[in-house]
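Have a look at the structure below, then the notes.
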Amino acid sequence: MTARCQRGPGGGTPPGGHNDGVRNGGVSFWWQQVGLPTPTDRLDGDVTCDVAIVGAGLTGLWTAYYLHEADPTLDIRLVEAEFAGFGASGRNGGWLSSELPGSPRAYAAAAGEAGLESMRTAVRGSVHEVMAVAEGEGIDADIRLSGVLHVARSQAQAERLDGELSAAQVAERIRVAGAVSGHVDPDCARVHPAKLVGGVARAVRARGVRIHEGTRALRIEPGAVVTDRGTVRAPTVLRCLEGFTAGLPGHRREWLPMNSAIIATAPLTDAQWAEIGWAGEELLGDEAHAYCYAQRTADGRIAMGGRGIPYRFGSRTDVDGRTQNWTVESLRSTLTSLFPSLAGITIDHAWCGVLGVPRDWSASVCFDPATGLGHAGGYVGSGLTATNLAGRTLRDLVLGAPTDLTALPWTGHDVRRWEPEPLRWAGVHTLYRLYRAADRREDAGLLRTSRIARIANRVAGR
Ligand SMILES: Cc1cc2nc3c(=O)[nH]c(=O)nc-3n(C[C@H](O)[C@H](O)[C@H](O)COP(=O)(O)OP(=O)(O)OC[C@H]3O[C@@H](n4cnc5c(N)ncnc54)[C@H](O)[C@@H]3O)c2cc1C
C-alpha cells in the first residue's frame, strides 16, 4: 500500500495552481488520520470454510459479525483485495443517516406502501443499532447523534424539501448563505468512517473470523472464490463489493461505479465557527440535484463532498482515492458559496471513492439457497446505515429463517443491467450535465423543480 498512497502530482494542475498543498488521494483523509493499515493474513493456498465473503467493507464485515453472533461455530472468511475499509466504507462523508438506500417508488412498487414503511422503519432503527454495537464493542468512531440539517437554497429546492424551518430558523443553526428553508432529521449521526470500519473489522477478527487482506478475488462461482492467492471453497459465497462489483468477470454492467469526492479543510478557528454560526455537530446538506454533504469533524474541520467526475469509462475505479484537480476546485467553490467568509480557507486533503448504483437506483439483498450465492449493495450513496441492515438481512437469508428483515422490499430485488459502453458513459455524463443545467436554472430563480431534472430522472430510471 505504501507506494500507492504517497502524494502524487495531483492530476494536472499546473505548478502554482490552486491545489498546491492539498494532499490528494492516499485513500482518504480519514485513513491518513488514523494511519493506513498494512494488509495482514493474506491467503496462502486453498482453504475450505462455511461462509466465504468477498469484500471487507461494512457490508461484508457486518454480515460476518452477525453471522458469527448467530452461530459462533461457523468458519467465516473474508477475502479483501487491499485492507478492510479500503473502499467507500473508509472514505465516505460519515452520515450515518436514515435515508432510504433507494427509490421509495421502486420499493413501494415491490411491496406496497406498508412494505415501504417497514423499510423506512428498519433503516431508521439501523442508525441506532450501529451506535449500540459501536458502544458495546468499544468502537470510538467520534459518533454523535446530532441530526442532519437539510437546507434549500432556491425556491425550487424549497419546494422539493418542504422543510419546517424558515430561513431565519436555519440561520439559528448554521448560517448558510442563500438558505430559503430547512428540514432537520434527528435520526442521523456524524461518524469518523475509518474509525468505524476499522473498529468493526477488529470486533470481527476478535471473534476468530479471518480477514484475508491483500487477496483479490478473480472470480466467484457456486461453492468457490478463486483468488490470486488460492481458492476459498465454501457452500455459501457472498459478494459484498458495492462500487467494485464491475471489476469481477460477469458483473461489469450490474452496478455502476459512481464517483463521489470529498475535501477536508484545515481546522477552523473559533472565530470562523462563530462567523458561520455552526455551533452544534449536525450534518449539513443541500437539495441541489448535484447535491453536497458536509460534516463538522471531531477535530474541527469541515469535510464536504459532492460529485466530481460522476463515472469513468468502462466502469473503472480510482487507484488510491486520487481525484481530479477541477473536482477539488469545484468542491472548494461550493464550500465558499455556502460560507463566503471561508473564502481562502486551506484545503488539507481531497479524495474520492466509488459507490454502487443499480439501474433503478435501489439497493438489494439477495441469496439463492440453491447455489449458495448471495450479494448485497447498490446503496447509491446511502450505504453507511444500510450496510448494517444488509448484514443482518444476509444473516437471516443464509441461516434460512424467514424474518421481518427478509420480508423487506429490497430482499431479492431484481434489477436490469446497465447499457453497454459507450452508451453507459455517454448516458451518465449527459445525465449529470442535465442535472447541473437544472441546478443553474433553479438557482436563477425557477420556482419549481426544473423540467430538465424531471426528464433526467425519467431517463435515469429513478
Ligand atoms: C466519497 C463517498 C462518500 C459517501 N458518503 C456517504 C455518507 O455520508 N453516508 C452514507 O450512508 N453513505 C455514503 N457513501 C456510500 C457508502 O460509503 C457505501 O455505500 C458503503 O460504504 C458501501 O460499503 P460496502 O462494504 O458495500 O462497499 P466498500 O466499502 O466499497 O467495500 C468493498 C470492498 O471490496 C474490496 N474489493 C474490491 N474488489 C475486490 C476483489 N476483486 N476481491 C476482493 N476484494 C475486493 C474493496 O477493497 C473494498 O474494501 C459514500 C460513498 C463515497 C464513495
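We did not get these values from a lab; they are worked out from the coordinates using the rules stated. Please read these numbers as outputs of a predicted model, since none were measured by experiment. Counting neighbours? That spans all protein chains shown, and the Cβs are built from the backbone with ideal geometry, glycine included.
Some notes on this structure:
- The modelled label-to-label distance between ARG433 and ARG454, using points 7 Å beyond Cα along the C-beta direction, is 2.3 nm.
- Tilt relative to the chain, helix 325-338 - C-alpha long axis, 0 to 90 degrees, to 10: 50
- Highest-first arrangement of 298-307, 382-391, where packing means the average Cβ count within 10 Å: 382-391, 298-307
- The slack between ALA426 and THR38, meaning 0.36 nm per residue of separation minus the straight C-alpha distance, is 135.9 nm.
- Dipole magnitude of the chain about its Cα centre (Cβ charges: Lys, Arg +1; Asp, Glu -1), debye to nearest 20: 1400
- When the charge dipole of the chain is built from unit charges on Cβ atoms (+1 for Lys and Arg, -1 for Asp and Glu) and taken about the Cα centre, the candidate among MET258, THR231, LEU161 whose Cα reaches farthest toward its positive end is MET258.
- By the helix-only formula, in which each DSSP H run with n ≥ 4 contributes -39500 (n - 2.57) and the sum is divided by residues, the chain has a 222 nm mean residue ellipticity of -10500 deg cm²/dmol.
- Evaluated at q = 0.15, 0.16, 0.23 Å⁻¹: base-10 log I(q)/I(0), Debye formula over Cα of segment 372-457: -0.78, -0.82, -1.05
- The long axis of helix 451-460 is offset from the longest Cα principal axis of the chain by roughly 10 degrees.
- Fraction of alpha-carbon pairs over 42 Å apart in the chain - percent: 11
- Normalised by 2.2 N^0.38 Å, where N is the number of residues, the C-alpha radius of gyration of segment 176-304 stands at 1.49.
- Furthest towards positive pole of dipole, PHE313, SER337, TRP326, structure part segment 308-361, Cβ charges: PHE313
- In a DSSP loop and with at most 15 other Cβ atoms within 10 Å, the trypsin sites (Lys or Arg not before Pro) in segment 376-458 are ARG416, ARG417, ARG448.
- The chain: angle of helix 193-206 to the longest principal axis, Cα-based, in degrees nearest 10: 20
- Relative to the current alpha-carbon distance between THR317 and VAL226, full extension at 0.36 nm per residue lengthens the span by 30.6 nm.
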